[in-house]
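Read the structure below first, then the notes.
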Amino acid sequence: MPRIPPLPAGTDSEKYTSDTPMWHAASYDDVKQGRVTDLYFTRAVEILRGTDQDREVRAEFIAKVLPESWPWAVLAGVEECLRLLEDRPISARGLVEGTVFRPLQPVLEVQGRYTDLAVYETALLGMLCQASGVATKAARFRKLAGDLPLISFGARRVHPAIAPVVERAAYIGGCSGVATVLAAQQLGIEASGTMPHALILLMGSTEAAARAFNAKIDPNAPRIALIDTFNDEKFEAIRVAEALGRDLYALRLDTPASRRGNFRQILEEVRWELDLRGHEHVRLFVSGGLSEEAVEVLMGVADGFGVGTEISAAPVVDFSMDIVEIEGEPLAKRGKMSGAKSVWRCDGCGDEFLMPLGQRPSHSCGGALTDLLVPLMEQGRVLVELPPARLIRERVLGALTAEEVDPSGHRHFAP
């Protein structure tokens with residue numbers, strides 16, 4: 001972890017030392033060495049290690065319910081979980097990243113001696129819970145936005161050390177792009193952005209900022225002007241459109257809620273004035289505290305969305321990790337179903353069946369049944385290809401058009 005530079009003269013040397021972190025974040029080694037764990041796990045390991053009670057267990061990760069009564073969620077964070085467990089005496093089965101799942105379905109199963117698993121429970125849950133929540137929220141916005149651009153603007157709402165984690169999950173869930181430079185580089189895409197209000201304030205007018213952008217920024221970057229800094233959006237839109245002409249790609253309305261009124265009506269008015277003056281090519285992008293409900297209302301008049309807090313601060317998926325077998329014998333705490341399981345999905349009708357491992361459901365649809373829980377790791381060796389985020393995103397987008405994400409989709413348990 002980076003350390004603070006030498007202290008300037010006069011600094012309180014008792015408050016800061018050369019070992020003081022520059023920010024309060026765990027390093028990769030901290031997580032890999034099991035230091036980011038809840039204390040009671042380390043105590044359990046201390047008690048069990050070297051005894052005949054340190055036994056082989058199978059533990060599964062499930063969410064009994066999903067946030068805000070979501071009927072489905074998108075699994076994210078699997079790659080990091082496998083990287084964390086790599087080279088450890090641990091095996092794993094699970095859903096591949098980007099799979100749509102429902103409550104009470106296992107998404108990951110790990111197997112090994114308890115003392116090898118215990119110190120990773122906290123980290124594994126953190127990786128799955130947050131990323132899956134962000135990916136699901138992005139997917140819900142994608143369902144509403146259809147094929148329109150949907151950009152993740154929420155990195156400023158999280159600690160910068162985890163911003164790429166959040167942006168990756170948002171992209172996997174269906175966002176077209178992300179705003180931060182590092183996250184975009186890691187994803188292998190171009191970062192998305194327009195211009196800040198600060199530039200317009202410093203330049204003195206929206207028109208001046210738009211002209212400067214057009215003159216100095218890479219010609220391949222779309223010319224998108226922000227038009228809510230000083231004046232009424234309609235008049236700013238007209239001025240910027242006439243100043244840039246065919247070079248102007250879009251206008252972004254980030255109108256604050258306190259000044260917004262009927263946002264759809266504002267957009268309709270801007271659209272009317274642009275079209276009346278021959279600027280039909282100029283698109284209208286919107287941002288600024290957008291909710292799912294707001295996107296739904298603005299469809300048909302907005303041409304793209306920038307969503308921040310609603311995605312980056314998405315509710316976490318409340319997974320738990322629970323032992324379901326000890327030395328091959330089914331055993332679980334009260335409130336949990338013991339034993340290893342399969343999640344079967346029919347490719348014909350989309351029905352899903354939760355069954356004990358080794359049993360297949362009786363199903364008369366005629367479609368092929370697939371167990372979604374596949375081997376992921378064998379004794380610390382990753383068994384599956386870990387695809388780039390782009391391919392995981394394609395998997396999610398394919399699922400969003402299928403029956404499997406329909407709220408009426410069925411889920412069955414074995415009798």
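The values are calculated or read from the model by the stated rules, or taken from the named source; none is laboratory data. Computed from a prediction, not measured in an experiment: that's the story for all the values here. For neighbour counting, all protein chains shown are included, and Cβ atoms are generated from backbone atoms with ideal geometry for every residue, glycine included.
Filtering the range 339-355 for residues that are loosely packed, with under 15 Cβ neighbours inside 10 Å, over 18 Å from residue 103 (Cβ atoms) and at pLDDT 95 or above leaves an empty set. A residue that is β-branched (Val, Ile, Thr), modelled with pLDDT under 95 and buried (at least 16 other Cβ atoms within 10 Å of the Cβ) cannot be found anywhere in the range 279-296. Tell me yes or no: at least one residue of the range 266-287 is among the hydroxyl-bearing types (Ser, Thr, Tyr) and closer than 22 Å to residue 150 by Cβ. Within the range 266-287 (the criterion being among the hydroxyl-bearing types (Ser, Thr, Tyr) and closer than 22 Å to residue 150 by Cβ), the answer is yes, since at least one residue qualifies. Scanning the range 301-313 for residues that are assigned to a loop (DSSP other than H, G, I, E, B) and closer than 20 Å to residue 148 by Cβ yields 301, 303, 308. When the range 68-84 is limited to residues that are out of contact with any helix residue (DSSP H, G or I) (no Cβ under 7 Å at 6 or more places or on another chain) and on the phi < 0 side of the Ramachandran plot, the one that is surrounded by the fewest Cβ atoms within 10 Å (Cβ to Cβ) turns out to be 71. Filtering 109, 167 for residues that are more than 20 Å from residue 291 (Cα to Cα), surrounded by 21 or more Cβ atoms within 10 Å (Cβ to Cβ) and at pLDDT 95 or above leaves a single hit, 109.
Taking residue 58, is it at pLDDT below 95 and not hydroxyl-bearing (Ser, Thr, Tyr)? Here the answer is no, as residue 58 does not meet what is asked. Cβ-Cβ contacts under 7 Å between residues 6 or more apart (or on different chains), taken from a first residue in the range 38-60 that is over 23 Å from residue 379 (Cβ atoms) to a second residue that is surrounded by 11 or more Cβ atoms within 10 Å (Cβ to Cβ), are listed as 38/122; 42/119.
Only one of the numbered conditions (1) aliphatic (A, V, I, L, M); (2) modelled with pLDDT of 95 or more; (3) out of contact with any Lys or Arg (no Cβ under 7 Å at 6 or more places or on another chain) is violated by residue 368, and that is (2). Applying the condition of being basic (Lys, Arg) and buried (at least 22 other Cβ atoms within 10 Å of the Cβ) to the range 112-141 and asking which residue is nearest to residue 33 (Cα to Cα) yields 137. Is it fair to say residue 313 is aliphatic (A, V, I, L, M) and within 27 Å of residue 158 (Cα to Cα)? For residue 313, the condition - aliphatic (A, V, I, L, M) and within 27 Å of residue 158 (Cα to Cα) - is met.
Beta carbons closer than 6 Å, at least 6 apart along the sequence or on distinct chains, pair a first residue in the range 192-220 that is under 20 Å from residue 306 (Cα atoms) with a second that is of a type in the set (D, E, K, R) and surrounded by 18 or more Cβ atoms within 10 Å (Cβ to Cβ) for 194/252; 206/236. Taken residue by residue, the range 319-337 has at least one member that is part of a strand (DSSP E or B), without any contact (Cβ under 8 Å) to a residue 12 or more places away in the chain and not β-branched (Val, Ile, Thr). When the criteria are applied in full, residue 247 fails the requirement of being farther than 19 Å from residue 192 by Cα and either touching a residue at least 40 places away in the same chain (Cβ under 8 Å) or not aromatic (Phe, Trp, Tyr) (or both). Under the condition of being surrounded by fewer than 17 Cβ atoms within 10 Å (Cβ to Cβ) and closer than 23 Å to residue 154 by Cα, which residue from the range 192-218 is farthest from the chain's Cα centre (by Cα)? Looking at residues that are surrounded by fewer than 17 Cβ atoms within 10 Å (Cβ to Cβ) and closer than 23 Å to residue 154 by Cα, I get 201.
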